[in-house]
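Here the structure comes first, spelled out in structure tokens, and everything after it is commentary.
A short reminder: the numbers here are calculations on the coordinates, not readings from a lab. For clarity, every value in this text was computed on a predicted model and none was experimentally measured. Neighbour counts run over all protein chains shown; Cβ positions are idealised from the backbone, glycine included.
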């Protein structure tokens, strides 16, 4: 299995086909895990719950960037191992999301109950259903993390490419862990410190969502130092723009489109650039309102509307939109100097637009 290399007459990658390939790998892997568990008289629902979660949606941006990174570093030959390695990123991401939803006490993800809520509902007859749901979801996230490593090791990579890939993945896992820790430290205590918010963005998203997947794909192609440097120049501003868009959607998005309530970030008191700007620019009354309302786990929609109004009238919302545009342009300019093959440059330009103009 692998994406066919485009002919010289076709200078663009088919994103939809790449996603189909990724999803086929994930579906096959999780089905095999469920079947193997049942055959061994073990609960098959661990793999089935993860399969349901993975198949419920998602942009597949990380595995897609991995494949594009392979093309950017002038990858040649069979793309099957690349697709399988890219799919391991989605499994790793699923593990992180399951754990994130527990830490954020989120009820829904992609329009469906989060894993801990789904498990609790399935075992509603238990007196400890909610605690049981959280505990089982932690275990499922841990198993998915182990499976992501298994998928990478069994992707069919040459030994030297696997070693190079593991260096990238190890750095990615450590970086996102620190990013999540910084996020938790700041949660519930938002301040005017935009740089602190951007530091979280760089560690939790720019490295994890954009740079590492691109570097992984490049490593699979036997990339040189110049490839990694050029990909970083593109990925860091794009990753920041991606998260800034996510922060806007977390407050102003429509639940029908995002699949997640637009109260979660406000209730948890997530420290974002959006909120930091509003606190910096607001008058004393606006700052007091933000300090009282943001971080209240029982925040009602009426109060959330008041917060949104402050985020808008202070100009914070417009400033974040401007920051997204600036970073998108930085990423696009980086491509002008990168010297990637045209097929990769075209794909990365499309990704920059999709990632920053998205509605979900």
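Miscellaneous remarks
- FRET efficiency for the residue 20 to residue 163 pair, using the beta carbon distance and R₀ = 25 Å, is estimated at 0.25.
- Between residue 298 and residue 349, the C-beta separation translates, for a Förster distance of 51 Å, into a calculated FRET efficiency of about 0.70.
- Length added when fully stretched, residue 199-residue 153, from 0.36 nm per residue minus Cα-Cα: 13.4 nm
- Spin-label model distance (nm) - residue 146 vs residue 192, 7 Å beyond Cα toward Cβ: 5.0 nm
- Cα shape, the stretch 202-340, gyration tensor, a/c 1.5 rule: prolate
- Taking the number of Cβ atoms within 10 Å of each Cβ as an exposure proxy, the fewest-first ranking of 153, 227 is 153, 227.
- The ranking of 79, 288, 31, 114 by Cβ neighbour count inside 10 Å, starting from the fewest, reads 288, 31, 79, 114.
- Translational diffusion coefficient of the stretch 103-205 (Stokes-Einstein, Kirkwood radius from Cα pairs, 20 °C, 1.002 mPa s): 129 µm²/s.
- Helical mean residue ellipticity (222 nm; -39500 (n - 2.57) per DSSP H run of 4+; nearest 500) of the chain: -23500 deg cm²/dmol
- Placing a label point 7 Å from the Cα of residue 174 along the Cα-to-Cβ direction, the residues of the stretch 213-256 with a backbone N closer than 18 Å are 213, 215-216.
- Applying 1/(1 + (r/R0)^6) with r as the Cβ-Cβ distance of residue 322 and residue 291 and R0 = 25 angstrom yields a FRET efficiency of 0.50.
- Spin-label model distance (nm) - residue 329 vs residue 78, 7 Å beyond Cα toward Cβ: 4.6 nm
- Ranked list, fewest to most other Cβ atoms within 10 Å of each Cβ, for 290, 354, 348: 354, 290, 348
- Taking 0.36 nm per residue of separation and subtracting the Cα-Cα distance, full extension of the segment from residue 283 to residue 256 would add 6.4 nm.
- Pairwise label distance in nanometres, residue 40 with residue 337, each label 7 Å out on the Cα-Cβ vector: 5.1 nm
- Rg to Rh, two decimals, where the chain supplies the alpha carbon set and Rh follows Kirkwood: 0.98
- Short-range pairs are left out: with C-alpha atoms under 8 Å and at least six residues apart, the relative contact order of the chain is 20 percent.
- Spatial separation of Cα centroids for the stretch 227-279 and the stretch 53-71, in angstrom: 18 Å
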